[in-house]
Amino acid sequence: MMAYDCEVLVIGAGIVGLSTAYALTRAAPGTRVVVLDKEPDVGRHQTGHNSGVIHSGIYYRPGSLKARYAVQGATEMVKFCAEQDLPHEVTGKLIVATDRAELPRLHALAQRGRENGIPVHELGPAQIAEHEPEVAGLAAIHVATTGVCDFPAVTRRLAELAVDAGAEVRLGAAGEVRMIARRAAEGVAVRTADGGVVRAKALVNCAGLHCDRVARLAGDAPGMRIVPFRGEYYELAAEARDMVRGLVYPVPDPAFPFLGVHLTRGIDGGVHIGPNAVPALAREGYAWGRVRVRDLAETLAYPGAWRIARRHWRYGASEIRHSLSKPAFVEAVQRLLPGVSASELVPAEAGVRAQAVLPDGTLVDDFLFASGPRTIHV
């Protein structure tokens, strides 16, 4: 019989993996949990490369996992930040229609929010100006439950609390997964880059950008492929930050799980503008120049990626144009913020989204879970 190092092994020390570890230690005190991650610190990828928004759940299909998790999670996140004295603010946000063709979609979004149990208020141009004097729009909805926080700080605190409860977090070579062996009757053994072996009764895969690869290492077919999209941001120069008081979003296109270029005042007072969404040439491709042959080859060999390209080439071409041309990006921003100029936009750090894509080219707009003997894959 296998000698276990822990009951549960979690792969991935982002916010999902560490909240999983934290939840396990709270739900069953004394449970031995080990978290593995190849990076030297926690929260280094999607968790640490985003605009810091605590989403309300208004965008997500009623009854979906994302809708349920966002609505409940927004409340829990604010409570957690308050209890742990972590930077956060419930700012509310505006979703603004700038074209008459967007008005039916805006109304449908308000209805979706109500179905998800979210308080929303529909506004006219004068009411928009009361919230955001510099923002132009024909109509808007105000979502009071949206906020911002410091997700890397939240993740570090989750790690500390999990470790205090007996969990272990192994980083770097000690946390880089190379092989997974599974015996359904006994458990899972993982070999790491430093040659170590961790044996567990069960494995939870929260590897984000690499979750499909980890699933395949475990011998499970995830039924999808991660296709990375880079989200590129600008930020307002310091002298222009007062143009935006809180959070301002365009009306999203329901065909895509991307929200469009939006304005986000963070907890540090800075205002991020973006992101656009362009194919990344590496799963950790935070810059155009970052190319990883293996990642690119996997994307190009995946039928679903080509089906996305055929189906949505106009949208993709527009996003690439915004990426390559600052004037085009500025033009998109000016739909919401007409007074902003190109000189007031400063390049900021990009992020990479782990977009799950089905073989038929469907962009998955909800969480997917797959399971095998003694494994759960997020």
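The values are calculated or read from the model by the stated rules, or taken from the named source; none is laboratory data. Quick caveat, the model's predicted, so the values are computed rather than measured. Every residue, glycine among them, receives a Cβ derived from its backbone with ideal geometry; neighbour counts consider all protein chains shown. These area figures cover heavy atoms from the full protein model, side chains too; ligands, DNA and RNA do not enter into them. Shrake-Rupley method; radii C 1.70, N 1.55, O 1.52, S 1.80 Å.
The calculated Kirkwood hydrodynamic radius for segment 153-243 is 16.4 Å, given to one decimal from all distinct C-alpha pairs. In segment 62-199, how does Rg compare with the Kirkwood Rh, expressed as the Rg/Rh ratio over alpha carbon atoms? For segment 62-199, the value is 1.18.
Across every pair of non-identical alpha carbons in segment 65-123, the mean reciprocal distance, once inverted, gives a Kirkwood radius of 13.4 Å.
So, counting K/R as plus one and D/E as minus one, what does the shell of residues with Cβ under 14 Å around Arg105 add up to?
Details: positive: Arg100, Arg112; negative: Asp99, Glu102, Glu122, Asp253.
Local charge sum for Arg105: -2.
Against the chain, whose longest principal axis is taken from its Cα atoms, helix 15-27 shows a tilt of about 60°. Size descriptor for segment 201-303, Kirkwood hydrodynamic radius: 16.3 Å (Cα pairs only, one decimal). Once you divide the Cα radius of gyration of segment 1-123 by 2.2 N^0.38 Å, the number left is 1.38. Volume per residue of the convex hull around the Cα atoms, evaluated for segment 313-378, comes out as 137 Å³.
The Cα-based radius of gyration of segment 256-378, divided by its Kirkwood radius, gives an Rg/Rh of 1.02.
What accessible area per residue, rounded to a whole number of Å², is obtained for segment 157-209 using a probe radius of 1.4 Å? Numbers along the way, then the final one.
On the way: 2370 Å² over 53 residues.
Accessible surface, normalised per residue, equals 45 Å².
Using the scaling law 2.2 N^0.38 Å as the reference, what is the normalised Cα Rg of segment 129-197?
Values: Rg = 22.8 Å, N = 69, 2.2 N^0.38 = 11.0 Å.
Computed over Cα atoms of segment 129-197, the ratio equals 2.07.
To two decimal places, what compactness ratio does segment 245-313 give when its Cα radius of gyration is scaled by 2.2 N^0.38 Å?
Values: Rg = 15.5 Å, N = 69, 2.2 N^0.38 = 11.0 Å.
Against the compact-globule rule of thumb, the ratio is 1.41.
Shown in residue order for segment 93-104 are the 3J(HN,Hα) couplings computed by the Karplus curve 6.51 cos²θ - 1.76 cosθ + 1.60 at θ = phi - 60°: 8, 10, 10, 10, 8, 10, 9, 4, 5, 8, 4, x Hz (x for Gly and Pro). Looking only at the chain, where both bridge partners belong to it, what percent of the DSSP beta bridges are antiparallel (to the nearest 5)? Taking every DSSP beta bridge with both residues in the chain, the antiparallel ones total about 70 percent.
The count of lysine pairs in the chain whose Cα atoms are under 23 Å apart, excluding pairs fewer than 8 places apart on the same chain, comes to 4. Compactness of segment 87-159 is given as radius of gyration and Dmax, 14.9, 47 Å, from Cα positions. Neighbours of Leu296, meaning other residues whose beta-carbon lies under 14 angstrom from its beta-carbon, give a summed charge of +3 when Lys and Arg score +1 and Asp and Glu score -1. A simple rule links phi to the HN-Hα coupling: the Karplus curve 6.51 cos²θ - 1.76 cosθ + 1.60 with θ = phi - 60°, which for segment 111-123 gives 5, 4, x, 5, 5, 8, x, 9, x, 10, 10, 8, 10 Hz, with x for Gly and Pro. Expressed as a whole percent, the accessible area of the chain that falls on carbon and sulfur atoms is 54 (1.4 Å probe).
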